[in-house]
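Only one structure is covered here, and it is reproduced in the block below.
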Amino acid sequence: MITKTMKSILRGWPVVLLLGTALQASDHGDSTAAANDPVADLLDLYAFGEPFCQAQGGVGCEQPPEELILALTVHRDATGASRFSSGVVYHFYIENDSGQDLQIDCSFSAEQVVSCSGWNGLSVEAPVGQVVVNGDIRVFAGLRDDPSFLDTEALQEFAEVGVLAFSPPGVDHFAGRNVLAIVLGIQTDAFPAGAAPDHNLLKVWAASERTEGAGLNGGFTGSWYNPELNGQGWVVEVASNPAGPDQFVVYFYGYENGEQLWLIGSGPDIEDNMATVEVVRTSGADWGNAFVSDDVTLETVGTMSFEFSDCNTGSVEFTPGDTSLSAFSTNIVRLTNISGRDCQLLAGGQVDRVGRPGTSYLMIPEEMWGNYNTSSDPDTWLLAFGDEIESALQLLDTADGDPENGFYDPQTLAPVFADDRLQVDIQKGQTGGNYFSIESSALVPQDWNIAAGRRPSEDVIDPTLGMVVSAWDPWVTDYVDANDVPFLQAFPFLAEPH
């Protein structure tokens with residue numbers, strides 16, 4: 001199953017399919033901001049009506065009230081020591097076919113208690129690891145088995161040889177791995193009525209927002225340099241200031257006209273992954289016990305601006321003032337760090353988003369991952385990303401050697417994929433189909449008689465590639481058809497962690 005948990009595997013994957021045309025395929029969780037902030041890094045979203053185990057025979061199924069289940073997974077390769085952050089809020093956005101916008105927000109305390117609230121007074125709190133019900137809503141948050149299943153090596157080979165890459169037996173890359181999960185159950189009676197008596201179609205997506213702890217932290221403290229310019233470099237500190245904001249402190253060591261040069265500076269100008277400080281050259285004082293503070297002369301020589309890509313790489317630009325020093329810029333890498341001090345590059349605001357499992361991972365270029373993840377208005381998605389999605393669909397259609405045999409032409413499919421939200425009809429029973437069934441019914445057009453959405457047990461690589469490559473004739477499969485462990489028959493439905 002192609003899912004957002006592929007992010008580290010497919011990062012930077014240049015796809016060349018058959019005819020040699022290049023497509024940059026990716027997952028939209030792979031921006032620097034998401035990759036550096038694991039608890040804000042969204043993996044997969046599930047939305048389903050009746051428990052999926054009922055669709056598989058119903059043996060041992062819980063008999064809950066009629067409800068919509070929303071399950072969001074975050075933090076790939078989580079462990080028993082992994083914790084949710086009190087600085088991240090998880091938003092579940094829901095639009096119904098009457099045009100009403102609904103929202104549920106979940107946040108965590110430092111004591112690991114989840115609090116979720118929504119429209120008309122929906123609210124519930126629960127300690128991590130426990131299920132709590134309050135009126136029309138129930139919640140579970142905690143460590144779970146990763147519900148994704150996919151042969152990632154075959155998918156990587158697919159980038160070069162097309163559908164010939166897939167052959168039995170498939171190997172599930174995610175077997176034995178865990179994630180953090182938030183699972184909600186909302187009774188269907190709590191939703192506003194739909195546009196018709198026999199329909200209540202919801203479009204669902206989720207986003208993570210970092211509200212605290214964004215920007216550079218003390219983990220960036222250490223020595224930095226450019227290996228090609230060994231002999232000059234920077235010592236930087238991100239220092240706490242009890243009287244105000246954190247300070248970015250810089251010590252530059254280098255040379256001017258053959259003489260050793262030191263520049264120093266500090267200031268609070270820190271925003272996300274960037275910092276700018278005014279630097280000065282010092283002179284005038286004597287050595288040791290002969291030092292007199294009043295003898296020190298400070299000459300402001302310019303500013304240094306730092307931008308960090310991650311905890312080990314970045315760049316610096318020097319802008320001179322009224323000085324003999326000239327402007328320059330260079331890339332830098334970490335040389336040393338502080339023992340025992342973790343480093344994370346955290347971005348404020350919306351960090352990541354997730355909807356369907358079939359858009360971002362193959363259709364958005366790497367250079368657009370950050371913009372894709374932080375785009376918060378579905379009405380703008382087609383204009384912002386439609387051209388790239390259409391180009392990707394055109395290329396994917398050639399993967400079986402037979403272009404123009406996809407389910408629909410790329411120009412028709414691109415707007416549908418650009419609306420990257422799961423569609424689920426809570427007035428319908430879960431009687432089959434896949435996560436794209438409602439959308440494909442609307443394209444035909446014909447009415448739908450299923451809830452659709454996405455169940456954790458659903459294999460999504462087969463219908464995704466089958467649809468855009470061959471119109472399901474022949475069926476495309478990676479030969480990994482099920483999760484490595486059985487799903488639970490009762491809420492929260494995701495399997496116990498390994």
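Observations on the structure shown:
- One residue stands out among those in segment 211-250 that are out of contact with any Lys or Arg (no Cβ under 7 Å at 6 or more places or on another chain), closer than 16 Å to ALA275 by Cβ and among the aromatic types (Phe, Trp, Tyr): the one that is surrounded by the fewest Cβ atoms within 10 Å (Cβ to Cβ), which is TRP234.
- If the condition is being more than 30 Å from SER85 (Cα to Cα), surrounded by fewer than 22 Cβ atoms within 10 Å (Cβ to Cβ) and acidic (Asp, Glu), then segment 136-191 contributes GLU153, GLU157, GLU160, ASP189.
- Matching residues, segment 106-154, being among the hydroxyl-bearing types (Ser, Thr, Tyr), in contact with a strand residue (DSSP E or B) (Cβ under 8 Å, 6 or more places away or on another chain) and closer than 30 Å to LEU465 by Cβ: SER148
- A residue that is closer than 22 Å to ASN96 by Cα and either polar (S, T, N, Q) or touching a strand residue (DSSP E or B) at 6+ places or on another chain (Cβ under 8 Å) (or both) can be found somewhere in segment 336-354.
- Test: residue in segment 325-346 that is outside the structural domain of VAL236 (by TED's automatic domain parsing), closer than 27 Å to ALA452 by Cα and not in a helix (DSSP H, G or I): no
- In segment 215-270, residue farthest from ASP310 (Cα to Cα) [restricted to those that are in contact with a Phe, Trp or Tyr (Cβ under 9 Å, 6 or more places away or on another chain) and among the charged types (D, E, K, R)]: ASP269
- When residues of segment 430-451 are limited to those that are of a type in the set (Ser, Thr, Tyr) and out of contact with any strand residue (DSSP E or B) (no Cβ under 9 Å at 6 or more places or on another chain), the one modelled with the highest pLDDT: SER440
So that you can scan it fast, the table gives a plain yes or no per residue for (1) surrounded by 14 or more Cβ atoms within 10 Å (Cβ to Cβ); (2) under 27 Å from the mean Cα position of the chain (by Cα); (3) within 26 Å of ASP146 (Cα to Cα):
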| position | (1), (2), (3) |
| --- | --- |
| MET368 | yes, yes, no |
| GLU390 | yes, yes, no |
| PHE417 | yes, yes, yes |
| ASP473 | no, no, no |
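- The lone exception for SER457 - which of (1) in a helix (DSSP H, G or I); (2) of a type in the set (S, T, N, Q); (3) crowded, with 18+ Cβ neighbours inside 10 Å it fails: (1)
- Members of segment 420-454 found to be within 21 Å of the chain's Cα centre (by Cα) and either assigned to a loop (DSSP other than H, G, I, E, B) or surrounded by fewer than 20 Cβ atoms within 10 Å (Cβ to Cβ) (or both), listed by number: ASP420, ARG421, TYR435, GLY453
- Residues being surrounded by fewer than 19 Cβ atoms within 10 Å (Cβ to Cβ) and in a strand (DSSP E or B) - total across segment 94-106: 4
The values are calculated or read from the model by the stated rules, or taken from the named source; none is laboratory data. The model shown is predicted, which means the values in this text are computed figures rather than measured ones. We place every Cβ from the backbone using ideal geometry, glycine too, and count neighbours over all the protein chains shown.
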